[in-house]
Amino acid sequence: MIFGKPLSEYVRFQRVLLILIVVVGLARLFLSLAGMPNSTVKFLSITVVGLLGIFYYGIRVHTTGFGSYKQLLPLIVIQNVVTHTLIIAAIVLARLTHHPNIYSAPEYGGNTAARYHILGHLLIGMVAFSLVGWLVASIVMWVTKRVSGKGRVQPAAA
């Protein structure tokens with residue numbers, strides 16, 4: 001149980017975005033491996049999908065009654081774990097096959113040793129980005145509560 005909900009409930013709530021992250025991530029990898037230039041492949045962005053997810057969770061967690069601020073954190077962490085696990089797998093693939101891909105390209109952090117690149121995704125990608133994403137989603141939820149009128153303190157009747 002995570003903040004009163006099983007892991008499966010969080011995954012069910014965000015399944016469409018998780019599938020989209022995997023589809024976009026694999027499409028980037030396969031297009032890159034097929035020889036399409038990184039300058040073209042970069043337009044398929046896991047980062048954009050992740051940002052959409054942060055805003056979506058900030059709105060939908062409140063409007064659907066799924067939870068509140070604390071339920072946002074597991075959603076963001078799960079999303080980042082999926083994203084960065086896929087990226088790490090692509091970096092390891094490039095290292096093992098000696099065939100570079102967009103995830104191991106110098107312009108995307110591939111200039112560093114693979115172990116440091118992977119460590120960056122583990123620490124910064126999964127941990128730091130989760131906390132920043134939670135902050136942004138919380139602000140979005142706060143605004144959503146104010147705009148929707150739900151969660152607003154009602155004045156006492158005279």
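The values are calculated or read from the model by the stated rules, or taken from the named source; none is laboratory data. A quick note: this is a predicted structure, and the numbers were derived from the prediction, not measured. We place every Cβ from the backbone using ideal geometry, glycine too, and count neighbours over all the protein chains shown. Protein only, heavy atoms only, side chains kept; ligands, DNA and RNA dropped before computing areas. Shrake-Rupley method; radii C 1.70, N 1.55, O 1.52, S 1.80 Å.
Averaged per residue, what accessible surface does the stretch 1-122 expose to a 1.4 Å probe, in Å²? Write down the numbers at each step before the final one.
Values: 6570 Å² over 122 residues.
I get 54 Å² per residue for the stretch 1-122.
Quick one: if you stick a label point 7 Å off each Cα along the C-beta vector at Leu51 and Thr64, how many nm between them?
For the pair Leu51/Thr64, the computed spacing is 2.3 nm.
Length gain on complete extension for the stretch Val23 to Ser148, per 0.36 nm per residue less the alpha carbon to alpha carbon distance? Mind dumping the intermediate values first?
On the way: separation 125, 0.36 × 125 = 45.00 nm, distance 3.29 nm.
Additional length available on full extension: 41.7 nm.
On alpha carbon coordinates alone, what is the Rg over Rh value for the chain, Rh being the Kirkwood radius? Could the numbers behind the result be given before it?
On the way: Rg = 18.4 Å, Rh = 17.0 Å.
My calculation of the ratio gives 1.08.
Could you identify which residue out of Met141, Met126, Met36 has the top mean-square fluctuation in a GNM of the chain using Cα springs shorter than 10 Å?
Met36
From zero outward in steps of 5 Å, how is the percent of C-alpha pairs of the stretch 20-81 spread across the bins?
Reading upward from the zero bin: 4, 17, 24, 17, 13, 10, 8, 6, 2, 0.
Of His84, Ser138, Leu122, whose Cα points farthest to the positive end of the dipole of the chain (charges on the beta-carbon: +1 Lys, Arg; -1 Asp, Glu; origin at the Cα centre)?
The residue sitting farthest along the positive end of the dipole is Ser138.
Please tell me the relative contact order of the chain in percent, rounded to the nearest whole number, where contacts are Cα pairs under 8 Å and at least six residues apart. Spell out each step's value before the answer.
Details: 139 pairs, mean separation 43.4, N = 158.
Relative contact order for the chain comes out at 27 percent.
Return a whole-number percent for the relative contact order of the stretch 7-87, with Cα pairs under 8 Å and 6 or more residues apart as the contact set.
On the way: 48 pairs, mean separation 32.3, N = 81.
Relative contact order for the stretch 7-87 comes out at 40 percent.
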